[in-house]
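The values are calculated or read from the model by the stated rules, or taken from the named source; none is laboratory data. Everything numeric in this text was worked out from a predicted model, so none of it was measured. Cβ placement follows ideal geometry from the backbone for every residue including glycine, while neighbour counts extend to all protein chains displayed. Note: areas computed on protein heavy atoms with side chains; ligands, DNA, RNA excluded. Shrake-Rupley method; radii C 1.70, N 1.55, O 1.52, S 1.80 Å.
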Amino acid sequence: LFSNVVIKNQTSLTRPGWKLTGAVTFYESAVSIRDALFENNHSEDMINLVRSKFNITSSTFNSSDSDAVDVDFGEGEIDKSEFKNCGNDCIDFSGSSVNLGGIFIDGGGDKGVSVGENSRIKIVDSTIKKSNIAFASKDDSVLEVKTTQIDGVKIAFAAYNKKQEYSGGSMSVENYVLNDVSQVYIRDKPSAVVLDGVKMKANIDRYVY
């Protein structure tokens, strides 16, 4: 249990022959994080949750060199939390099943929320500002988004195939508001994007990341 904790100015653990990606790493561990601040951590992931059940509530992740929260094969919830000034993806999922609510993202170097490698993600009530891509679903993943506001991003919604061992990603979005968005969506042929019940046509052959 992490409650009212500040973790800042950390790097990842390195030993001869191996290196962890997270400044903080949980492996096959149950963890609850609430009212915590992670700030100015210099690592590939500010926090990495691997094969873990978790709950993150009312916490702030600020100024990460790369990803803020990276979940690999995890199961859990993220509620009422903020992600600011992420060097790469603010929240990155691989092979995971997670529910999110009340998420605020301001400043993603690449993606606000990245969903990949057969993940199942549901997000209710979110705001994403100043990212390259707001939401991305790829590689056999399913992303459901309900009630979101997106402001100042290049691409609001992206569904595509990245790794050859998988197919495309799918995404359904209900009740969205867009401001200062260069492109509403991109979708390759193996993928699917549904916006307020309307199926979007494929408009790219392949996404070049």
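At a glance:
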{"read-out": "Sole exception among (1) on the phi < 0 side of the Ramachandran plot; (2) open to solvent by 10 Å² or more (accessible area, probe 1.4 Å) for Ile56, by number", "value": "(2)"}
{"read-out": "Counted residues, region 30-40 - those being open to solvent by less than 40 Å² (accessible area, probe 1.4 Å) and under 17 Å from Glu75 (Cα atoms)", "value": "3"}
{"read-out": "Residue in region 166-177 that is surrounded by 19 or more Cβ atoms within 10 Å (Cβ to Cβ) and among the hydrophobic types (A, V, I, L, M, F, W, C) present", "value": "yes"}
{"read-out": "Residues of region 11-29 classified as open to solvent by 80 Å² or more (accessible area, probe 1.4 Å) and modelled with pLDDT under 95, total", "value": "6"}
{"read-out": "Wholly within region 25-108, strands (runs of 3 or more DSSP E) carrying at least 1 residues that are under 19 Å from Lys122 (Cβ atoms), in contact with a Phe, Trp or Tyr (Cβ under 9 Å, 6 or more places away or on another chain) and among the charged types (D, E, K, R)", "value": "67-72, 75-86"}
